[in-house]
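Participant: Would you mind keeping the following structure in view while I ask a few things?
The values are calculated or read from the model by the stated rules, or taken from the named source; none is laboratory data. Bear in mind that the values here come from a model prediction, so they are computed numbers and not experimental data. Cβ coordinates were reconstructed from backbone atoms using ideal geometry, including for glycine residues, and neighbour counts include every protein chain displayed.
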């Protein structure tokens, strides 16, 4: 066996194909700069049928001009594309499928397009490779889903093609690195081309073409929650989380999911938590987007460090003015990085807390509903026990002790918490015998029901009825009754075994607000450190600049 | 509650401290370039007592000149440092502790310094924060262990401070990003300063100072295994892995630990596996350093893609000549990236296989031994079920089905395999009643015994006696007997319950070579695609250039 036994093989097919593509496109650009009106022929010159293409977009920044331009290409030339990207959130992403240009997708989240996507799957117009979490999809970029062409978005470029992505750096480094270092092609849309960038986020070496888009790339203010909409039940659940969980375990490093439930917790830190003497003892280090509702806690000195997946519209001046807290460059503006922040959420946080639509009696939870293929973004990565973790912390060690019963080898465990009201909108119960995910799996022909967080990874459930500590349950029956025991007046909660639930309460597996010294009558909106978006602006010293839709003054 | 209630607080202490440090050092540099003979005063000007410092180094590239220079600084000025870095592998790292300059360490691996480190811990000269896996430590860089000063190593710099890290990019992007975007200071040692770099791996914006080291940075050829040393028992175990495991599950995406056991598997792919018709069906996509022993499989067209944590000495020309396989830049040379490759190993691979020193009867394994504090590098990250994973593959789905017994919610599982001879060097048994890790934890005052791979995550054990499939075991007793049943003539293996072991074999939980149609007499070194380093050079068409210590011709 040696090399000469093997027929002659070329080892640079990717590089030669790349050269051929660049040669076809050469006349459309001057250097690396492409005029906006030549972007459609450029894409037609650079992309080939069957290519894996990443159109950058996540739940915030979108390469929307490049997506719109791709929809204008000739469908007889650019076809059978395989999209490999974080989100399918723009109508144009789905248009590409309907036009027959995209035949396969691997992604993480489809949010607003979930219903359209489900219909296309049902009519067999598209094959879904898989639905990932963000870090998992980035990981596959380096193994078996490397993009051939990446269409990315940046704030600005210089004339050499260096890019400034600033606060919304997000997915860009991961996408570009995988593409450019495997002979792929990188095209960036930018809001402006300048002589000198504030800083270089992506070196020009890694970028093939730059186009100034007619309009700035779209950014979704996804992490803004108006404190005015936080209910007193959410205040109560926030108090339970802080006193019954964060203080108990000494949670310093954490990630919050999006929603009013977690926004309430953030707004209770400088008031309720501070009164409990918890400043410096909980919630000091975060893997979190710059949530406006975190401003009062930051101003109160509660927070030491925040690393972010992405940015948040309107928070640019605030984050720039708080470089001790946020990760910012020498130019003064923030740098986010979704890959590193997901790694931080997975490996460096002791707790993840988020909301869901449904929880079953094993503790499996999902936001999947029939007729919608939405995905879970980053939640499964943060909401899973990180079994490769080896460093200890008091919270992690205690969770491990509680959860391991008679297993001989000690180990820590991540705290993974669902916080839900027992009934959500339209009086839909949050607790169910059977997840809708089963039906979705059947109709969409999925290998497994799309579970966001598995019961095995879930450690606590918080509702307005109290906390269920699933770590302490020793049998599936105890676990089921612990869940029923905080499920309130939902059908699942109504048929609890009351004697067993009382027994669980005696053992501290279920804890009611009164067991924790929390008076429900204290749970008023007055406890919130900000009760409106205007309060947040005030708390920021005028640095937070909320988007128009959040202003009513 | 609003901002005016809070005493005036500065939010730019990091930036101001940085400015003060740079001002102190300004006269020592011209632009960003520092002469080598001024590096000691530069470090004294830039580093302050109590700083978190990262001296770049992993199991390959080492910022050795900067480490040596740090040992020359005044210990009355630079003291109480907290090292936060992948390895403590150089004598200088330990010297810093002995000199009283470093009082706390957080790291991943200490390999050659493990014994010295253990003595320092015993004499209370050093506090260990924790021993991490690489990705876990990088994650903490963005949460609670952000370096204040990073001392890194690159191949070359230009006069603006852009860096070329080339094949040995490794940890650099993760370290630099965390440091520079939190107001820290980055100092790079380079082998040469040039007018024009082959490519930019790290932008000048992110680097404060560059010093040309008197000698090129050290690189350890850690992943080179001489095929001449592979035994026939290792050939047999390799055949078992390929036919009994890789083929059974259809393993396409994988990571191999270091060692002769896995090197044997690599060298059997173009021969034994090809004869079984497995080309294109197994081992196509890898998260792996460029192992020289993978050359014959690559040349045989077995391999489609390899992404690497780091490079390997002597493999530079070979990887550059195989850009379809390896991740390479437009300049033609490879780019590695430990953070992304660890993410790939965790989330995008279906199998991890590696060796260990000890396995207990629950399947917990560890390389920790008394008197040595060594750490595990990346193994725990790759050798753990990735519970945040959501994409399916046939191998992952099958492992999940096998492992979940009566759990109602289906889920996939990663294959995590230990491959060991029942006796290792000096006739030490690989199977033990109790891991030495327990003793080490007691003497070194660790929170938990340092387990490399937990029994809960381990799915299979391969020895010369066959495969134990732990997924199929339904009770702790079955698991114990499955392990004893492949433990050979070790004391643990000798006291197996032979009836139960035969029952496990009948159920396919234990499989002997003959059960898989493998004749032990076929397991000869003739099956290896290369039987010497010289064969590897030949297979590479002369592109592989082994380091001197591996040449005997």
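Participant: Kindly indicate the residue of the range A:315-324 that is crowded, with 24+ Cβ neighbours inside 10 Å and not in a helix (DSSP H, G or I) and also nearest to the other protein chains (Cβ to nearest Cβ) among those meeting that condition.
Facilitator: Ranking the candidates gives A:323 first.
Participant: Taking residue B:254 as the residue in question, decide whether it is buried (at least 24 other Cβ atoms within 10 Å of the Cβ), more than 18 Å from the chain's Cα centre (by Cα), touching a residue at least 60 places away in the same chain (Cβ under 8 Å) and closer than 27 Å to residue B:376 by Cα.
Facilitator: No: the conditions fail for residue B:254.
Participant: Identify the residue in the range B:295-314 that is touching a strand residue (DSSP E or B) at 6+ places or on another chain (Cβ under 9 Å) and either at pLDDT below 95 or at the interface with chain A (Cβ under 7 Å from one of its Cβ atoms) (or both) and, among all such residues, is nearest to residue B:548 (Cα to Cα).
Facilitator: Top of the filtered list is B:307.
Participant: Additional query: Among the residues of the range A:236-265, what is the count of those that are closer than 18 Å to residue A:518 by Cβ and within 14 Å of another protein chain (Cβ to nearest Cβ)?
Facilitator: Total satisfying the criteria: 1.
Participant: Given the conditions (1) crowded, with 22+ Cβ neighbours inside 10 Å; (2) part of a loop (DSSP other than H, G, I, E, B); (3) in contact (Cβ under 8 Å) with a residue 24 or more places away in the chain; (4) within 14 Å of chain A (Cβ to nearest Cβ), report the number of the one that residue B:196 does not fulfil.
Facilitator: (1)
Participant: Which of the residues belonging to the range B:364-385 are in a loop (DSSP other than H, G, I, E, B), more than 8 Å from chain A (Cβ to nearest Cβ) and at negative phi?
Facilitator: First pass over the range B:364-385, keeping only residues in a loop (DSSP other than H, G, I, E, B): B:364, B:367-368, B:370-371, B:373-374, B:376-378, B:383-385.
Remaining after also requiring more than 8 Å from chain A (Cβ to nearest Cβ): B:367-368, B:370-371, B:373-374, B:377-378.
Correct list: B:367, B:368, B:370, B:373, B:374, B:378.
Participant: Just a yes or no: is a residue in the range A:135-148 away from chain B (no Cβ under 11 Å), modelled with pLDDT of 95 or more and crowded, with 23+ Cβ neighbours inside 10 Å? Lay out the reasoning, then the answer.
Facilitator: Just the residues of the range A:135-148 that are away from chain B (no Cβ under 11 Å), to begin with: A:147-148.
Filter once more, so that each one left must be modelled with pLDDT of 95 or more: A:147-148.
So of that shortlist, the ones also crowded, with 23+ Cβ neighbours inside 10 Å come out as A:147-148.
Scanning the range A:135-148 turns up at least one residue that is away from chain B (no Cβ under 11 Å), modelled with pLDDT of 95 or more and crowded, with 23+ Cβ neighbours inside 10 Å.
Participant: Filter the range A:166-181 for residues that are within 12 Å of chain B (Cβ to nearest Cβ) and either closer than 17 Å to residue A:55 by Cα or assigned to a helix (DSSP H, G or I) (or both) and give the result.
Facilitator: Within the range A:166-181, the first condition is being within 12 Å of chain B (Cβ to nearest Cβ), and the residues that meet it are A:166-167, A:169, A:173-181.
Listed by number, the residues that qualify are A:166, A:167, A:169, A:173, A:174, A:175, A:176, A:177, A:178, A:179, A:180.
Participant: Another question, if that's okay. Regarding residue A:537, is this residue crowded, with 20+ Cβ neighbours inside 10 Å and out of contact with any helix residue (DSSP H, G or I) (no Cβ under 8 Å at 6 or more places or on another chain)?
Facilitator: The answer is yes for residue A:537.
Participant: Kindly evaluate residue B:331 against the criterion of being more than 7 Å from chain A (Cβ to nearest Cβ) and either surrounded by fewer than 24 Cβ atoms within 10 Å (Cβ to Cβ) or under 19 Å from residue A:147 (Cα atoms) (or both).
Facilitator: For residue B:331, the condition - more than 7 Å from chain A (Cβ to nearest Cβ) and either surrounded by fewer than 24 Cβ atoms within 10 Å (Cβ to Cβ) or under 19 Å from residue A:147 (Cα atoms) (or both) - is met.
Participant: Within the range B:429-440, is even one residue assigned to a strand (DSSP E or B), farther than 25 Å from residue B:223 by Cβ and touching a strand residue (DSSP E or B) at 6+ places or on another chain (Cβ under 8 Å)? If you could, list the steps in order and put the result at the bottom.
Facilitator: At the first step, the residues of the range B:429-440 found to be assigned to a strand (DSSP E or B) are B:429, B:431.
With the extra rule that they be farther than 25 Å from residue B:223 by Cβ, the set shrinks to B:429, B:431.
Now drop any that are not touching a strand residue (DSSP E or B) at 6+ places or on another chain (Cβ under 8 Å), which leaves B:429, B:431.
Within the range B:429-440, one or more residues are assigned to a strand (DSSP E or B), farther than 25 Å from residue B:223 by Cβ and touching a strand residue (DSSP E or B) at 6+ places or on another chain (Cβ under 8 Å).
Participant: Out of A:254, A:268, which single residue is under 20 Å from residue A:349 (Cβ atoms) and assigned to a strand (DSSP E or B)?
Facilitator: Only one candidate qualifies: A:254.
Participant: Which of the numbered conditions does residue B:223 fail, given that it passes all the others? Conditions: (1) assigned to a helix (DSSP H, G or I); (2) out of contact with any strand residue (DSSP E or B) (no Cβ under 8 Å at 6 or more places or on another chain); (3) crowded, with 24+ Cβ neighbours inside 10 Å.
Facilitator: Checking residue B:223 against (1) assigned to a helix (DSSP H, G or I); (2) out of contact with any strand residue (DSSP E or B) (no Cβ under 8 Å at 6 or more places or on another chain); (3) crowded, with 24+ Cβ neighbours inside 10 Å, the one that fails is (1).
Participant: Across the range A:388-416, what is the number of residues that are touching a residue at least 24 places away in the same chain (Cβ under 8 Å) and touching a strand residue (DSSP E or B) at 6+ places or on another chain (Cβ under 6 Å)?
Facilitator: The qualifying residues number 3.
Participant: Which of the residues belonging to the range A:393-406 are assigned to a loop (DSSP other than H, G, I, E, B) and crowded, with 18+ Cβ neighbours inside 10 Å?
Facilitator: A:393
Participant: Regarding the range A:496-509, can at least one residue be identified that is in contact (Cβ under 8 Å) with a residue 40 or more places away in the chain and surrounded by 11 or more Cβ atoms within 10 Å (Cβ to Cβ)?
Facilitator: There is at least one residue in the range A:496-509 that is in contact (Cβ under 8 Å) with a residue 40 or more places away in the chain and surrounded by 11 or more Cβ atoms within 10 Å (Cβ to Cβ).
Participant: Next question. Considering (1) under 28 Å from residue B:392 (Cβ atoms); (2) more than 10 Å from every other protein chain (Cβ to nearest Cβ); (3) surrounded by fewer than 24 Cβ atoms within 10 Å (Cβ to Cβ), say which one residue B:273 fails and leave the rest.
Facilitator: (3)
Participant: Right, next: Working carefully through the options A:42, A:78, find the one that is part of a helix (DSSP H, G or I) and touching a residue at least 24 places away in the same chain (Cβ under 8 Å). Write out each step before concluding.
Facilitator: On the way: A:78 fails: part of a helix (DSSP H, G or I).
From the options A:42, A:78, the qualifying one is A:42.
Participant: Could you identify the single residue in B:409, B:427 that is surrounded by fewer than 19 Cβ atoms within 10 Å (Cβ to Cβ) and on the phi > 0 side of the Ramachandran plot?
Facilitator: Numbers: B:409 fails: on the phi > 0 side of the Ramachandran plot.
The conditions single out B:427.
Participant: Looking only at residues that are within 17 Å of residue B:368 (Cα to Cα) and more than 7 Å from chain A (Cβ to nearest Cβ) in the range B:122-133, which one is nearest to the chain's Cα centre (by Cα)? First the steps, then the outcome.
Facilitator: Of all residues in the range B:122-133, those within 17 Å of residue B:368 (Cα to Cα) come to B:122, B:128, B:130-133.
Next, from what is left, pick out any that are more than 7 Å from chain A (Cβ to nearest Cβ): B:122, B:128.
Details: B:122: 26, B:128: 20 Å.
Ranking the candidates gives B:128 first.
Participant: So residue B:341 fits all but one of (1) at the interface with another protein chain (Cβ under 7 Å from one of its Cβ atoms); (2) in contact with a helix residue (DSSP H, G or I) (Cβ under 6 Å, 6 or more places away or on another chain); (3) in a helix (DSSP H, G or I); what number is the exception?
Facilitator: For residue B:341, the failing item is (2).
Participant: Taking the range A:22-39 only, how many residues are part of a helix (DSSP H, G or I) and at pLDDT 95 or above?
Facilitator: The qualifying residues number 9.
Participant: Right, something else. Residue A:397 passes all but one of (1) modelled with pLDDT of 95 or more; (2) more than 25 Å from residue A:484 (Cα to Cα); (3) more than 8 Å from chain B (Cβ to nearest Cβ); which number fails?
Facilitator: Going through the list (1) modelled with pLDDT of 95 or more; (2) more than 25 Å from residue A:484 (Cα to Cα); (3) more than 8 Å from chain B (Cβ to nearest Cβ), residue A:397 breaks only (3).
Participant: Just one of the numbered conditions (1) out of contact with any helix residue (DSSP H, G or I) (no Cβ under 8 Å at 6 or more places or on another chain); (2) within 14 Å of chain A (Cβ to nearest Cβ); (3) under 19 Å from residue B:219 (Cβ atoms) is not true of residue B:108; which one?
Facilitator: Just one mismatch for residue B:108, condition (1).
Participant: Okay, next question. Quick one: count up the residues across the range A:149-165 that are surrounded by fewer than 24 Cβ atoms within 10 Å (Cβ to Cβ) and not in a strand (DSSP E or B).
Facilitator: 4
Participant: Okay, next question. Being within 14 Å of chain A (Cβ to nearest Cβ) and touching a residue at least 40 places away in the same chain (Cβ under 8 Å) is true for just one of B:36, B:15. Which residue is that?
Facilitator: Of the residues listed, the single one that is within 14 Å of chain A (Cβ to nearest Cβ) and touching a residue at least 40 places away in the same chain (Cβ under 8 Å) is B:15.
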